[in-house]
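The values are calculated or read from the model by the stated rules, or taken from the named source; none is laboratory data. Quantities reported herein were computed from a predicted structural model and do not represent experimental measurements. Positions of Cβ are generated from backbone atoms using ideal geometry, with glycine treated the same way; all protein chains shown enter the neighbour counts.
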Ligand SMILES: Cc1ncc(C[n+]2csc(CCOP(=O)(O)OP(=O)(O)O)c2C)c(N)n1
Ligand SMILES: [Mg+2]
């Protein structure tokens, strides 16, 4: 008896250089989406600027990790996903994506400021929080690990018969693409044709390791061919490019065309964390095209395409700075965990009032 060979993805799969939304008609049609993405970018930037100041003033214990320069990519993904239906596993530089996906700012300030009312109950000082009920698993520090987690979540839904219409997405860095977890997760998702989007924010460095010491191919997007999945490269500093490419990748995954890899080119505009001055990043990289600040580019794009006025954008700055201020003030006045009452309850279903999940309704609007 001859065994039937399994069906294969068409080869070569699309590995495309994603282009920006080009015509004014496209921009106008996406007005609401683009303004919404920009709001999340700006909220995240203002929040992170504040976190940086708090860290430098010694008010935050532990590390502070910023997504400065990566907001266009992250916020576009968060906006393209559907909270409560899709899955989103953000990484350390995805405050903008978290915000876009619907995480209130107070979750962030409560975590960094050690409030017992926060999602980590004051036990973790920075970025490992999640909101599993809305489809956002808690962040895992081990590079690449979230790829198999999202693949597994999608696979589980398929086995339960409730996968239809869902997309699972995660962001990783260039460094994560060298891990076994990245490979195993992406390969499994490819074989099973899971509706997964993996965004690689290639910010040119993994801590101080440059791309040249990280991978030998020209562009990480070439890896998509090897996995037999869709692949796109995009200018991660360009909001209009991100909007067109990332929404297309999400659409393809949702349509059942299997995993999509999006490699966004940009530069980390801060140190690895606020403890790191990033002095190993050569000046040429900062002055290069991808060293541009995506907030500046997006501001220009919104104004030039008539999507917002200068005055409107200024008023958003004021409004969001105020929101940030309130989220910080609220978290600062909340109690830290009481070491005499706390016990270890990572797996507890809740046995005392202190184990009850905090009420998120206290967030600022
Ligand atoms: C498997 C694993 N190895 C090493 C580390 C330590 N580590 C934390 S962040 C980091 C650099 C990450 O670089 P990249 O994936 O490019 O993301 P970026 O920080 O640039 O956003 C390293 C090596 C880790 N968390 N997990
Ligand atoms: Mg990196």
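Numbers below:
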quantity: Qualifying position, being farther than 25 Å from residue 38 by Cβ and under 17 Å from the mean Cα position of the chain (by Cα), among 278, 236, 273, 256; calculated: 273
quantity: Residue match in segment 222-232 (condition: within 12 Å of ligand 1 (Cβ to nearest atom) and either at pLDDT below 95 or touching a strand residue (DSSP E or B) at 6+ places or on another chain (Cβ under 9 Å) (or both)); calculated: no
quantity: Residue ID - surrounded by the fewest Cβ atoms within 10 Å (Cβ to Cβ), chosen from residues in segment 160-175 that are without any contact (Cβ under 8 Å) to a residue 60 or more places away in the chain and within 16 Å of ligand 1 (Cβ to nearest atom); calculated: 175
quantity: Some residue of segment 186-202 being more than 15 Å from residue 263 (Cα to Cα), within 10 Å of ligand 1 (Cβ to nearest atom) and buried (at least 16 other Cβ atoms within 10 Å of the Cβ); calculated: no
quantity: Test result for residue 239, closer than 23 Å to residue 305 by Cβ, modelled with pLDDT of 95 or more and out of contact with any strand residue (DSSP E or B) (no Cβ under 9 Å at 6 or more places or on another chain); calculated: yes
quantity: Number of positions in segment 211-264 that are within 16 Å of ligand 2 (Cβ to nearest atom), in a loop (DSSP other than H, G, I, E, B) and touching a residue at least 24 places away in the same chain (Cβ under 8 Å); calculated: 5
quantity: Per-region count, segment 55-80, residues crowded, with 18+ Cβ neighbours inside 10 Å and more than 11 Å from the chain's Cα centre (by Cα); calculated: 8
quantity: Residue count, segment 141-180 (criterion: away from ligand 2 (no atom under 16 Å from the Cβ) and in a loop (DSSP other than H, G, I, E, B)); calculated: 7
quantity: Filter result for residue 184 (farther than 23 Å from residue 38 by Cβ, touching a helix residue (DSSP H, G or I) at 6+ places or on another chain (Cβ under 7 Å) and more than 16 Å from ligand 2 (Cβ to nearest atom)); calculated: yes
